[in-house]
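Participant: The structure is given below, and queries will be raised subsequently.
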Amino acid sequence: GTGIAPFATLHAIKQDEATPISLSFTASYLSISYSSIAFDNLKFTMGATGYSIGAYIDGSINSTPTFKIQPNAGVAYISTKSELKDSYDNTITTENNTTVFNVGFALLFQTNSKTIFGIMPSLNIDKDSAYFSIQSGFVFIL
């Protein structure tokens, strides 16, 4: 499968010497398509779309000038819609709306004065399950 999930984050409170934590709000769009040899042979298509909104608290510890560890906790509302379609346009659709609580930490590496690379493993808990996830990406400082 292939997925894309662009997101935007607003940092409402930024940690500094006087403020021990940061507070941020985030919104994301999700689009995933799935393919396989079996699906191709049957002329099936499958995909999902959705969005999430959330709030997160974090703080830096053990910082060096080019490396930070940031423990974090947050809550997010996630809404998804999945669709499976056969070659006759018969469609099965499922929708899922859930609230997820998560705890984790970010490993942030300052690669230059305007770019940070981050890896963030986390434990996510919703009403039906608990699961582990990992995210990575770049922060571009404007």
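The values are calculated or read from the model by the stated rules, or taken from the named source; none is laboratory data. Because the structure is predicted, anything quoted here is derived from the model rather than measured. As a convention, Cβ positions derive from the backbone with ideal geometry for all residues, glycine included, and neighbour counts pool all protein chains shown. Quick note on the areas: whole protein, heavy atoms, side chains included, nothing else; ligands and nucleic acids left out. Shrake-Rupley method; radii C 1.70, N 1.55, O 1.52, S 1.80 Å.
Participant: Looking at region 123-140, can you tell me whether even one residue there is open to solvent by less than 60 Å² (accessible area, probe 1.4 Å) and touching a Phe, Trp or Tyr at 6+ places or on another chain (Cβ under 6 Å)? Explain how you work it out, then say what you get.
Facilitator: Step one: filter region 123-140 for residues open to solvent by less than 60 Å² (accessible area, probe 1.4 Å), giving 124, 126, 129, 133, 137.
The next check asks that each one be touching a Phe, Trp or Tyr at 6+ places or on another chain (Cβ under 6 Å); those that pass are 124.
Yes.
Participant: May I pose another question? With respect to the numbered conditions (1) open to solvent by less than 60 Å² (accessible area, probe 1.4 Å); (2) among the aromatic types (Phe, Trp, Tyr); (3) at pLDDT 95 or above, which one is the sole condition not fulfilled by Tyr77?
Facilitator: Failed condition: (1).
Participant: Among Gln110, Gln70, which is surrounded by 15 or more Cβ atoms within 10 Å (Cβ to Cβ), touching a Gly at 6+ places or on another chain (Cβ under 9 Å) and either in contact (Cβ under 8 Å) with a residue 24 or more places away in the chain or not in a strand (DSSP E or B) (or both)? Steps first, please.
Facilitator: Working: Gln110 fails: touching a Gly at 6+ places or on another chain (Cβ under 9 Å).
Answer to the selection: Gln70.
Participant: Six or more apart or on different chains, Cβ atoms under 7 Å: show the pairs whose first residue is in region 6-19 and over 15 Å from Ile141 (Cα atoms) and whose second is part of a strand (DSSP E or B) and aromatic (Phe, Trp, Tyr).
Facilitator: That search, which allows pairs on different chains as well, returns Pro6/Tyr29; Ala12/Phe25.
Participant: I'm trying to understand the selection: among the residues of region 10-46, which are among the β-branched types (Val, Ile, Thr) and open to solvent by 60 Å² or more (accessible area, probe 1.4 Å)?
Facilitator: Looking only at region 10-46, we keep the residues that are among the β-branched types (Val, Ile, Thr), and these are 13, 19, 21, 26, 32, 37, 45.
Scanning region 10-46 gives Ile13, Ile21, Ile32, Ile37, Thr45.
Participant: Right, another one. Which ones in region 73-90 are assigned to a strand (DSSP E or B) and either over 26 Å from Leu123 (Cα atoms) or of a type in the set (Ser, Thr, Tyr) (or both)? Full working, then the answer.
Facilitator: Initially, region 73-90 is screened for residues assigned to a strand (DSSP E or B), giving 73-85.
Of everything in region 73-90, those that are assigned to a strand (DSSP E or B) and either over 26 Å from Leu123 (Cα atoms) or of a type in the set (Ser, Thr, Tyr) (or both) turn out to be Tyr77, Ser79, Thr80, Ser82, Glu83, Leu84, Lys85.
Participant: If we keep just the residues of region 83-107 that are under 30 Å from Phe39 (Cβ atoms) and within 19 Å of the chain's Cα centre (by Cα), which is most open to solvent (accessible area, probe 1.4 Å)?
Facilitator: Residues of region 83-107 that are under 30 Å from Phe39 (Cβ atoms), as a first pass: 83-98, 100.
Subsequent filtering for residues that are within 19 Å of the chain's Cα centre (by Cα) retains 95-98, 100.
Working: Glu95: 134, Asn96: 76, Asn97: 73, Thr98: 17, Val100: 5 Å².
The residue in question is Glu95.
Participant: Also: Hey, among Ser52, Ser63, which residue is surrounded by 14 or more Cβ atoms within 10 Å (Cβ to Cβ) and either farther than 19 Å from Ile13 by Cα or more than 18 Å from the chain's Cα centre (by Cα) (or both)?
Facilitator: Details: Ser63 fails: surrounded by 14 or more Cβ atoms within 10 Å (Cβ to Cβ).
Unique residue meeting the criteria: Ser52.
Participant: Does Tyr131 fit the bill of being part of a strand (DSSP E or B), hydroxyl-bearing (Ser, Thr, Tyr) and under 30 Å from Ala38 (Cβ atoms)?
Facilitator: Details: part of a strand (DSSP E or B): yes; hydroxyl-bearing (Ser, Thr, Tyr): yes; under 30 Å from Ala38 (Cβ atoms): yes.
Here the answer is yes, as Tyr131 does meet what is asked.
Participant: I'd like the full set of residues that are among the polar types (S, T, N, Q) and exposed (fewer than 11 other Cβ atoms within 10 Å of the Cβ), limited to region 113-122.
Facilitator: Within region 113-122, just Ser113 meets the criteria.
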